[in-house]
Amino acid sequence: MEKDTARAEEYYGRAILANPGDGELLSLYGTLIWETQRDEDRAKSYFDQAIHAAPNDWYFIIYN
């Protein structure tokens, strides 16, 4: 499981570099961080970026 999490983080990192304004992607990555590491500050950072990147998609971002 730990190896899968590390691989998922790597893929999300690459995807975010390629699409830094993708609110859905940022939100999904924040969810991964929260669910696997319980790192509230880091996860919140990605949720905040997601809301900033896609303010009209707030429903998906919050309820993801």
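Which ones in segment 10-42 are of a type in the set (D, E, K, R) and farther than 20 Å from Ala53 by Cα?
Result: Glu10, Glu35, Arg38, Asp39.
I need the full set of residues from segment 1-40 which are farther than 28 Å from Asn56 by Cβ and assigned to a helix (DSSP H, G or I), in order please.
Hits for segment 1-40 are Glu2, Lys3, Asp4, Thr5, Ala6, Arg7, Glu10, Thr36, Gln37.
Could you list all residues from segment 10-24 that are in contact (Cβ under 8 Å) with a residue 24 or more places away in the chain and open to solvent by less than 70 Å² (accessible area, probe 1.4 Å)?
Correct list: Gly21, Asp22, Gly23.
Does at least one position in segment 32-49 carry a residue that is aliphatic (A, V, I, L, M), open to solvent by 100 Å² or more (accessible area, probe 1.4 Å) and at pLDDT 95 or above?
Checked against the condition, which is being aliphatic (A, V, I, L, M), open to solvent by 100 Å² or more (accessible area, probe 1.4 Å) and at pLDDT 95 or above, segment 32-49 yields no hits at all.
The values are calculated or read from the model by the stated rules, or taken from the named source; none is laboratory data. The model shown is predicted, which means the values in this text are computed figures rather than measured ones. Cβ sites come from the backbone with ideal geometry, for glycine too, and all protein chains shown count toward neighbours. These area figures cover heavy atoms from the full protein model, side chains too; ligands, DNA and RNA do not enter into them. Shrake-Rupley method; radii C 1.70, N 1.55, O 1.52, S 1.80 Å.
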